[in-house]
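Read the structure below first, then the notes.
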Amino acid sequence: MDLQHFWGAVLALSILIYVLLDGFDLGVGILFGLNRDEAQRRDMMGSIAPVWDGNETWLIVVGTVLFGAFPVVYSIFLSAFYLPVALLLVALILRGVAFEFRYKTTRGRWIWDVGFVAGSTLASFVQGAAIGAMVSGIRVDGRDFAGGPFDWISPFPLLCGIGLVLGYALLGAAWLVLKTEGELRDWAFAWLPRLMTGVIVVVALAFLGTLLGDFRVVDRWLAQPWLVLLPLIASLAAWQLYRVAAERRSDWQPYALAALLFLTAYLMLAGSFWPWLVPYHLTLGDAAAPEASLQFLFWGAGVVVLPVILVYTVVVYWVFRGKVDPGRQYH
């Protein structure tokens, strides 16, 4: 495999890891606003306290790979989504500050609670809106963005933003089932079918919008009918998730099934657009940096940095495995 494909694979894997890991802790932040019990709120934060900042490292990896290996895509993406990226950074900063400061005050705790929920929700929404805008297509002239700063504000991207908020909340509820016990676990189980229904509704509307819109992705699906297997797998996973939520016996299945839903959605996107990095404008080969730059990046980031981040991620999740200690204050 040449370096172009190597870095393409690293980019794809990094995005997937980020979505599955930071997705659940953003989801817990979204659900935080729906729970008024202070003890349960502490346990919700405790379930993500050891890992949330490490999860965001994968977002930095995504940006670094784009900047170093695919600089043209990096330039176009920032130009097209300058406002969403700025909102994402503000949301993540607000969320991180709120996570630490809510334990330092009593009277003003509600301010940081609002900040935690708002930061989590906004970060999720702008990620989904950017994905939706990429799917519907952005205006590119040669190797430069040719659109306006608000092109991403249209019905389909906004619908995708709402969908990702619901999807991350689904991951968050599944994570709480995995990591907590008692009333909080039951509360999270109760939210699973509601969120799953919301995700299904948004996905159905997005699919209908794709069929009615002028999206060339439809042609790709008609040319590659094997892609139909992916929504079938997703449907089976959703059905099983409903069953598990009703029985409330398994702690690990909800998160595994929610992750499978995201994996199938991710593979559907990949199958719909490969080898385009900027849909219908730049392929992997068109967007790749010169070979010398890819080699330099390989020996620095590929051989040293990425393995360290992977090992760190695995070790952290292994060390902090098991259920949250109820009532413990994490900060």
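Among all residue pairs at least 6 apart or on different chains, which show Cβ distances below 7 Å where the first residue, located in the range 279-294, is modelled with pLDDT under 90 and the second is among the aromatic types (F, W, Y) and part of a helix (DSSP H, G or I)?
These pairs meet every condition: P279/F273.
In this structure, does A174 turn out to be at pLDDT 90 or above and closer than 18 Å to G33 by Cα?
It is true that A174 is at pLDDT 90 or above and closer than 18 Å to G33 by Cα.
Taking the options R36, R42, name whichever one is surrounded by 17 or more Cβ atoms within 10 Å (Cβ to Cβ) and under 16 Å from D113 (Cβ atoms).
Exactly one residue qualifies, and that residue is R42.
Checking P307 against (1) over 20 Å from S14 (Cα atoms); (2) surrounded by fewer than 17 Cβ atoms within 10 Å (Cβ to Cβ); (3) not aliphatic (A, V, I, L, M), only one condition comes out false. Which one?
(1)
Counting only residues that are surrounded by fewer than 17 Cβ atoms within 10 Å (Cβ to Cβ) and out of contact with any Leu (no Cβ under 8 Å at 6 or more places or on another chain), how many does the range 287-304 have?
Adding up the residues that qualify gives 8.
Here is a yes/no grid of residues against (1) surrounded by fewer than 22 Cβ atoms within 10 Å (Cβ to Cβ); (2) among the polar types (S, T, N, Q); (3) in contact with a Leu (Cβ under 6 Å, 6 or more places away or on another chain); (4) at pLDDT 90 or above:
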| residue | (1), (2), (3), (4) |
| --- | --- |
| Y74 | yes, no, yes, yes |
| A86 | yes, no, no, yes |
| K104 | yes, no, no, no |
| R109 | yes, no, no, no |
| A130 | no, no, no, yes |
| V135 | yes, no, no, no |
| G142 | yes, no, no, no |
| A146 | yes, no, no, no |
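Taking the residues in the range 311-327 that are outside any loop (DSSP other than H, G, I, E, B) and open to solvent by less than 70 Å² (accessible area, probe 1.4 Å) as candidates, determine which candidate is nearest to T57 (Cα to Cα).
In this case the residue turns out to be T313.
Would you mind telling me which numbered condition in (1) touching a Pro at 6+ places or on another chain (Cβ under 9 Å); (2) open to solvent by 30 Å² or more (accessible area, probe 1.4 Å) V217 fails?
Among (1) touching a Pro at 6+ places or on another chain (Cβ under 9 Å); (2) open to solvent by 30 Å² or more (accessible area, probe 1.4 Å), V217 violates only (2).
Do any residues in the range 224-236 that are surrounded by 13 or more Cβ atoms within 10 Å (Cβ to Cβ) have Cβ atoms under 6 Å from those of residues that are modelled with pLDDT of 90 or more, where the two are at least six apart or on different chains, and which pairs are they?
From the range 224-236, the pairs are L230/T264; L230/L267; I233/T264; A234/L261; A234/T264.
Limited to the range 241-278, what total is found for residues that are more than 15 Å from the chain's Cα centre (by Cα), buried (at least 20 other Cβ atoms within 10 Å of the Cβ) and over 12 Å from F189 (Cα atoms)?
Final tally of qualifying residues: 4.
Collect the residues in the range 116-128 that are surrounded by fewer than 21 Cβ atoms within 10 Å (Cβ to Cβ) and either free of Cβ contacts under 8 Å to residues at least 40 places away in the same chain or not in a helix (DSSP H, G or I) (or both), keeping them in residue-number order.
A118 - this is the single residue of the range 116-128 that is surrounded by fewer than 21 Cβ atoms within 10 Å (Cβ to Cβ) and either free of Cβ contacts under 8 Å to residues at least 40 places away in the same chain or not in a helix (DSSP H, G or I) (or both).
Listed here are the residues, each with its yes/no results for (1) on the phi > 0 side of the Ramachandran plot; (2) of a type in the set (A, V, I, L, M); (3) part of a helix (DSSP H, G or I).
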| position | (1), (2), (3) |
| --- | --- |
| I15 | no, yes, yes |
| V19 | no, yes, yes |
| G23 | no, no, yes |
| L31 | no, yes, yes |
| L34 | no, yes, no |
| G46 | no, no, yes |
| L59 | no, yes, yes |
| V62 | no, yes, yes |
| V65 | no, yes, yes |
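The values are calculated or read from the model by the stated rules, or taken from the named source; none is laboratory data. The shown structure was predicted, so the numbers you read here are calculated from the model rather than taken from an experiment. Cβ: placed from backbone, ideal geometry, glycine included. Neighbour counts: every protein chain shown. Remember, those area values only see protein heavy atoms, side chains included, never the ligands or the DNA or RNA. Shrake-Rupley method; radii C 1.70, N 1.55, O 1.52, S 1.80 Å.
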